[in-house]
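Presented below is the structure to which this report refers.
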Amino acid sequence: MGEQVMRRRGFRARLALTATQVDALDRQAHAARALWNLLHELFTLSGDRWPPRSYVDGEIRWARANVDWLAVLPAQAAQAVLRTYRQAWVNCWEGRAEAPTYKPRLRTVLAVDIPQGRDLHVARVHRRWGIVNIPKLGRVRFRWTRDLPGVTKGGPAGRITGARLIKDALGWHIVFRTVHEVSVTMCGHEADSHVGIDRGIAVPLALSDGDTYAHGPWLDEKEEARLLCAQQHAEYKKQYRKPGRRCSKKLSSAYDQIRDLRARAKRRVLDWQHKTTSAIAKKYALVSVEGLRITNMVRSAKGTLETPGVNVARKSGLNRAIAGEAWGRTVELLAYKIDDQGGILISVPAPGTSLRCSECGVVTTGSRESQARFVCRNSECGWTGNADFNASRNIDQAGLVLASAAGRAVVRQT
């Protein structure tokens, strides 16, 4: 048996709503967005100084009692908007985030917060469906995909502390915030098992033991054709849209098609990432990854008027490919899953990992013959192999050195 520790996790599920319920949730979300904007205006007019908390609470209660479109927002959700806005400024002042800004109607993700888990009354009613109580909406079914702590008999010990309703292109979803016990144990893998991972585009994940994790295109040929057609149609219709005027129905329809297809691709990416990272976390006790600066890697090569860039189109394609792989999110998912398994995730410096020979440790000019082939030019070595495999072996060796130097008490850097 391993050590029992408490973990905070989120569980996402799809809601099954009627058209009336969707309209009600949309109005709640827009009321929460408008309340955020009102708080931002109040804070700006007060000279970047917080008004007294009692004064703001009183103004919110008065607004909900006298303004019809704001009264649809539950009282606890309104207080959650206030807490979130205050915390956003705290994060800004402490250097963890940018300053909060105005939330426009068309570019804001619709969301409603349910701060207290005791009001949810979650229950499982079917093998595939559960039911949850949503304020001002009533009992709503949701897709049951995994056991929730404190709900399922024999499931993980813990409780639901709250939830957040989020709308994307595929509809409304609920994200349960939970606190539950996790058994941190090495029983899922050998205690001394270790691996290095090289992230790429042709081969998304190459492991130092020779395994690879790949995937196909996120959209099939028909879906890609539909996406291209919708994008071309939207560009054509945009030419006839006057500045400051609302989108036409045909332009809105094209935007909806683009949004739906991109959301479908993103869900397939997340599905592949979750399954892949879960398999790696259960198999290895020590996982080493490159500490890549992804924001620098996807920086535009367009340049300036004085010094224009070269190969801009090729660099743009490379940037889209890197962004499509979502390397940063893969490491974030891997981090908490390895932590739950009792393993360690180490970030090693990226320079030299793809140019150094993993057999002799020497960096020679011209060793990287191509994107996929590595040939050591050291006369005493001459090792030949796949370039991704060579890089993953270097990452694994560097991770072992860091783990040994830190006594395996390594602070993860993702």
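No value in this document is a laboratory result; all are computed from the given coordinates. Everything numeric in this text was worked out from a predicted model, so none of it was measured. Virtual Cβ from ideal backbone geometry, glycine too; neighbours counted across all protein chains shown.
Could you work out how much longer the chain between residue 298 and residue 101 gets when fully extended? Use 0.36 nm per residue separation minus the Cα distance between them, nm to one decimal. Please report the intermediate quantities before stating the final value.
Working: separation 197, 0.36 × 197 = 70.92 nm, distance 2.51 nm.
Gain in length upon complete extension: 68.4 nm.
Taking every DSSP beta bridge with both residues inside segment 194-405, roughly what % is antiparallel (nearest 5)?
Percentage antiparallel, nearest 5: 55.
Which chymotrypsin sites (Phe, Trp or Tyr not before Pro) in segment 202-288 sit in a loop by DSSP (not H, G, I, E or B) and have at most 16 other Cβ atoms within 10 Å of their own Cβ?
Answer in residue order: 240.
Tell me, what is the percent relative contact order of the chain, built from C-alpha pairs under 8 Å that lie six or more residues apart?
15 percent
Let me know the longest stretch in the chain that avoids all GluC sites (Glu not before Pro) found in a DSSP loop with at most 13 other C-beta atoms within 10 Å.
My reading of the result: 191-305 is the longest stretch.
With labels modelled as points extended 7 Å from the Cα through the Cβ direction, what inter-label distance (nm, one decimal) is found for residue 368 paired with residue 225?
Between residue 368 and residue 225, the simple spin-label model gives 3.8 nm.
Nearest 0.05, what FRET efficiency do residue 55 and residue 383 give at R0 = 51 Å with Cβ-Cβ as r?
The calculated FRET efficiency here is 0.10.
Looking at segment 59-140, which chymotrypsin sites (Phe, Trp or Tyr not before Pro) are in a loop (DSSP not H, G, I, E or B) and have at most 14 other Cβ atoms within 10 Å? Could the numbers behind the result be given before it?
Details: sites: 62, 69, 85, 89, 93, 102, 129; in loops: 102.
Here the chymotrypsin sites (Phe, Trp or Tyr not before Pro) that fit, given the DSSP loop and packing criteria, are 102.
Show that you can apply the helix-only estimate: for the chain, add -39,500 (n - 2.57) for every DSSP H stretch of four or more residues, divide by all residues, and state [θ] at 222 nm to the nearest 500. Can you show the working numbers first?
On the way: 10 runs with 168 residues, N = 414.
That comes out to -13500 deg cm²/dmol.
Using only the Cα atoms of the chain, what semi-axes does the equivalent ellipsoid have when each is the square root of 5 times a gyration tensor eigenvalue? Give whole Å, largest first.
On the way: eigenvalues 366, 180, 101 Å².
So the three semi-axes of the chain are 43, 30, 23 Å.
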